[in-house]
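The values are calculated or read from the model by the stated rules, or taken from the named source; none is laboratory data. Keep in mind it's a predicted model, so treat the numbers as computed, not measured. Reconstructed Cβ throughout: ideal geometry from the backbone, glycine too, with neighbour counts over all protein chains shown. In case anyone asks, the SASA skips ligands and DNA or RNA and just uses the protein heavy atoms, side chains included. Shrake-Rupley method; radii C 1.70, N 1.55, O 1.52, S 1.80 Å.
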Amino acid sequence: MNMNLTCTQHDLSLDPEIENAAPFDDLQISFHAVQMEDLQPMSQFYQDWLALFEQDPHALLNHHPDYLLYLHPQLQKSFPDRPSYVMFCRHQDTLIAAGICCPKNLSTKILRGMGPARVLQGYYLKGNSFLLHQGHQGNSAFLEFLLETTLKFCQQQHGAFLFLEDVHLDSPVKDCLDRLEGRCLTYSHTGYQPRSLIRFPENAADYWNQFRSKSRRKHRKMIRDNSHLKLVRITEPDQIADFLSAAHQVSKNSWQSQRLGLRVKNNDQEVNELMFYALHGALRSYLLMDGDRPVAFKISNQFQGIFNDLEFGFDLDYASDSPGETLLLLILEDLTEHDSPCTYDFGEGDAQYKQRYSSEITHSGAVMLLSNTLKNKSLLCYLNSSRGIDQAARNLLKTTGIYTGLRQLVRYGRLGSR
């Protein structure tokens, strides 16, 4: 197996364990420190990457080279001394796999560690997986090899971890992580949490048939009672500026911003991200308006048949009108009537309204992959102990009802969820 690095100082040599675990001959792997010129459409680097993206049926929007082009200035500003890397794996000069590693810092506080916070430096794998050539789709041993090789490269760049932000419990990546146990270490500060999906039937309008007649009447009544609120679909580049301005206005008086900080800042980064979605035909966001006043918003996209729920907020002044559920009902009506997706992915986190409208519950969570060293074993022992104490405290509060009450007070200013 031939290994070389592009734009790095040291060759990536494989440990015997990795070579024995990956019986692939004549592979050439290179890790490219990304430069802006690499991301220009006329470069061979860009064209090779784009060709692999277009033929991978499981490619995600953030696997596209243009997405890294949008993200690159922000990463350079945040990590001026730590470049992003693109991994190319070739077989006989044919590109068969690609992955994107971007720098990331994680505080032990975020990881649920107790005591004084310490910052860990590492990398995250964009899209939580790799682009793969058709001939290597479903090859779990190859995917396992790519994960382990990428982790080794991150370690050589003095990265403490390779972070996967959103791993589905039933995904090939999760199976590979399980098989890597013993050779690598894994830690999930979130655990695998419920994740709600809607699988729309072939005739999307039949989705409503899953509800009892009483529930359907309740849905119709809520829409009638809020008939003064109008839905606006956002799909075009020239809608983005007004949409973000309205979402920013709503966000300033939403429970999410009160609890977590301002969610929609209406800055260049957000404009560029939505513009990327729009230019690739994937922008599908929504506003709920009361005349000229924005009431609620949803930032979302639709790509390869999946509607992705990314960010949501409503004006607390309208809380008594159930603006969040009204917005969701109107969006579901729009999705079942116009350019219907196959799947609605509610995203990370659990909520009663997600369970109420979903047709399937799966699980997903963040995973940190580390090399199997004594230092990392000590780190994981500390984090697992801290997380266990934290979870026990949360469970106690949930048992007494205090946790739910506090959550409702934070979100709605009163007890009783909407």
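Quick notes
- The gain in end-to-end length when the Lys375 to Arg356 segment is fully stretched comes to 2.4 nm, 0.36 nm per residue minus the alpha carbon separation.
- Placing a pseudo-label 7 Å from each Cα along the Cα-to-Cβ vector at Arg233 and Asn209 gives an inter-label distance of 2.3 nm.
- For the cross-link pairs Lys218/Lys252; Lys265/Lys354; Lys77/Lys377; Lys174/Lys214, the ones whose C-alpha atoms lie over 28 Å apart are Lys218/Lys252; Lys77/Lys377; Lys174/Lys214.
- Debye-sum result for region 242-297 in log10 I(q)/I(0), which assumes one identical scatterer on each alpha carbon, at q = 0.17 Å⁻¹: -0.57
- The GNM of the chain, with springs linking C-alpha atoms under 10 angstrom apart, assigns the highest mean-square fluctuation among Thr150, Thr336, Thr399 to Thr399.
- Taken over the Cα atoms of region 201-341, the convex hull encloses 113 Å³ per residue.
- A Förster radius of 60 Å combined with the Cβ-Cβ distance from Asp292 to Gln92 puts the calculated FRET efficiency at roughly 0.45.
- For the chain, adding -39500 (n - 2.57) for each run of n ≥ 4 DSSP H residues and dividing by the number of residues yields -12000 deg cm²/dmol at 222 nm.
- Taking 0.36 nm per residue of sequence separation and removing the Cα-Cα distance, the Tyr382/His168 pair yields an extension gain of 74.5 nm.
- Mean separation of Cα contacts under 8 Å, 6 or more apart, over the residue count of region 44-172: relative contact order %: 22
- Among residues other than Gly347 with Cβ under 13 Å from its Cβ, the summed charge is -4 (Lys and Arg +1, Asp and Glu -1).
- The mean sequence separation of alpha-carbon pairs under 8 Å and at least six residues apart, normalised by the residue count of the chain, gives a relative contact order of 17 percent.
- Inter-site label distance for Asp175 and Gln156 at 7 Å from Cα along Cβ, in nm: 2.9
- Based on Cα atoms of the chain, Rg over Rh with Rh as the Kirkwood radius reads 0.98.
- Global geometry of region 16-193, whether rounded, prolate or oblate, following the gyration tensor of its Cα atoms and the 1.5 cut on a/c: oblate
- Protein accessible area in the chain, 1.4 Å probe - carbon and sulfur %: 49
- Theoretical FRET efficiency, 1/(1+(r/R0)^6), r = Cβ-Cβ of Ser43 and Ser245, R0 41 Å, to 0.05: 0.70
- Considering only Gly159, Tyr207, Phe88, the residue lying farthest towards the positive end of the dipole of the chain is Tyr207, judged by Cα position with unit charges set on Cβ.
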